[in-house]
1. I'd like to check something: does region 397-405 contain any residue that is under 22 Å from the mean Cα position of the chain (by Cα), of a type in the set (Lys, Arg), under 23 Å from Phe308 (Cα atoms) and surrounded by 22 or more Cβ atoms within 10 Å (Cβ to Cβ)?
2. Can you pull out the residues in region 62-79 that are out of contact with any Gly (no Cβ under 9 Å at 6 or more places or on another chain) and in contact (Cβ under 8 Å) with a residue 12 or more places away in the chain?
3. Filter region 60-82 down to the residues that are farther than 13 Å from Arg30 by Cβ and modelled with pLDDT under 90 and list them by number.
4. Here are Phe217, Phe199: which of them is of a type in the set (Phe, Trp, Tyr), out of contact with any Gly (no Cβ under 8 Å at 6 or more places or on another chain) and more than 28 Å from Met372 (Cβ to Cβ)?
5. For region 23-37, state whether one or more residues are farther than 19 Å from Gln125 by Cβ, part of a loop (DSSP other than H, G, I, E, B) and within 31 Å of the chain's Cα centre (by Cα).
6. Check Pro365 against each of (1) surrounded by fewer than 22 Cβ atoms within 10 Å (Cβ to Cβ); (2) touching a strand residue (DSSP E or B) at 6+ places or on another chain (Cβ under 9 Å) and name the one condition it does not meet.
7. Give me a count of the residues in region 173-200 that are over 21 Å from Arg309 (Cα atoms) and either under 17 Å from the mean Cα position of the chain (by Cα) or surrounded by 22 or more Cβ atoms within 10 Å (Cβ to Cβ) (or both).
8. Can you find a residue in region 108-128 that is touching a helix residue (DSSP H, G or I) at 6+ places or on another chain (Cβ under 7 Å) and assigned to a loop (DSSP other than H, G, I, E, B)?
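The values are calculated or read from the model by the stated rules, or taken from the named source; none is laboratory data. Just so it is clear, the model here is predicted, and its values are computed rather than measured. Every residue, glycine among them, receives a Cβ derived from its backbone with ideal geometry; neighbour counts consider all protein chains shown.
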Amino acid sequence: MKTDYQTMYSPLSAVIRRAPITVALDTSVREAIGMMDQMRIGSIIVADPVRRLPLGIFTLRDLLHRVALQGCDLEQPIANVMTGGLITVKPQTTAYQAAVLMARHGIRHLIVVDGEDRLLGIVSQNDLFALQQTAVKDVSNDIRSARDLVTLGECAAHIRRIADGLVTQGTGAEQLTHFVSTLNDLLTLRIIELTHDEFELPQVKWCWIALGSEGRFEQTLSTDQDNGIIFEPPEGVDPERIRHALVPFAQEVNRKLDACGFPLCKGNIMAGNPQWCLSLDEWQGKFSRWIHNPEPQALLNAAIFFDFRPLYGDQDLSETLREWLSEVARTSSLFLRQMAENALQCRPPLGVIRDFVYDNSKEFPHTIDLKMYGSRPFVDAARILSLARGIAHTSTAERLRAVAERENFDSDDVAAIIDGFFFILTLRLRKQRELQGAAAGANRIDPDKLNELDRHILKEAFRQARKLQSRLRLDFRL
């Protein structure tokens, strides 16, 4: 089944609109401008005509500042006025990652190249904003220009105020979590950049990774930290030596994130914990032990660590680990079966006689935990189904869409399941806004306090979770 539905999780290969227009280094400025006018485009790429290697870009902004205002000769070669030092990305880079990269560097275009750095296409800021329902430009600029923790704390408060307003306006959960995740990522990136300057870090490849809900792009208004570090020690160097140098830096990043409103993880799943600051080989060893010895703790770890994605540093380390993990997990049928058995223990709270089933919480009677019994059945099932197929996505919705594309999974059924997941996420966001950041009861609702329509939709959302779990039972013959 093919689909042209695109989101911020879509790869740039699906976002590129048309073949890039290129000129050679010796093309005159006049000729380049003429081509831009004829093609009605705002930029043109300067490339090696034989090897198709991108060398620079010439935009309308360059035309204004470097040609028109300077009164430059239009017959001079485009090489004299182009912008060099291009930032390139691969076609599998998601639109979301591209938007973060653009905001971080303050650029409007990204050049897409293949594995041999040959030009494939160009993606503009407007292309990506067309996918996003909420502009992040102003606050992202504030984050990028921040120089101290006080300013970053103000930016974090600004993000929460905007998100609070979007919940009030009824913005959809998928769009809202895109917004929150994008800006939280930028905030984290800026904190890492500023903290990096305070430490003398070893000259090795390393990558800060996001885990859990942050790794799935599903952060809500009440979320703590889940992160780690992957590094690659030089040949012959003890990983412990590199870890010893990186951990103090990571602990300071964790402390600053806490100061900006992202509480320290109660389970200490953070990069500042030496247990989660590991070399690539050590991470592979961790995952191997979890997969080949799937004890209860291993299954719990899988629910957090399998959702990792790169946030800062050498993303190749994260991608290498993901490729390795996808292959290992896909062929580990016993582990996947036990994950499925574990996931099916968490049943949607629907009764046979009564509408809803409650978990007898003494602190919050007559309520349902929408994180545990609402979101989790969707998240767990999507993770397992995607791991079984070697799908690299980490977001719940994109995992389900990717599974549907590969399997005999009706598109309407998948759309209904995803809608059910996001409705539950919407109720969680509403509750968190109501409690104004208080952790206690932030994910619990009393169905009797919902209006009739929301109660009906909630019941249907739980039925969709049941349907997804039925697919899990079918796949693993449980």
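1. At the first step, the residues of region 397-405 found to be under 22 Å from the mean Cα position of the chain (by Cα) are 397-405.
Restricting the remaining residues to those that are of a type in the set (Lys, Arg) gives 399, 401.
Restricting the remaining residues to those that are under 23 Å from Phe308 (Cα atoms) gives 399, 401.
The next check asks that each one be surrounded by 22 or more Cβ atoms within 10 Å (Cβ to Cβ); those that pass are 399, 401.
Scanning region 397-405 turns up at least one residue that is under 22 Å from the mean Cα position of the chain (by Cα), of a type in the set (Lys, Arg), under 23 Å from Phe308 (Cα atoms) and surrounded by 22 or more Cβ atoms within 10 Å (Cβ to Cβ).
2. The answer is Asp62, Leu63, Arg66, Val67, Cys72, Asp73, Leu74, Glu75, Gln76, Pro77.
3. Start the filter on region 60-82 by keeping residues that are farther than 13 Å from Arg30 by Cβ, which leaves 60-62, 64-66, 69-71, 79, 82.
Passing the criteria: Leu60, Arg61, Asp62, Leu64, His65, Arg66, Leu69, Gln70, Gly71.
4. Going through Phe217, Phe199 in turn, just one is of a type in the set (Phe, Trp, Tyr), out of contact with any Gly (no Cβ under 8 Å at 6 or more places or on another chain) and more than 28 Å from Met372 (Cβ to Cβ): Phe199.
5. Taking every residue of region 23-37 in turn, none turns out to be farther than 19 Å from Gln125 by Cβ, part of a loop (DSSP other than H, G, I, E, B) and within 31 Å of the chain's Cα centre (by Cα).
6. (2)
7. The number of residues fulfilling the criteria is 0.
8. Within region 108-128, one or more residues are touching a helix residue (DSSP H, G or I) at 6+ places or on another chain (Cβ under 7 Å) and assigned to a loop (DSSP other than H, G, I, E, B).
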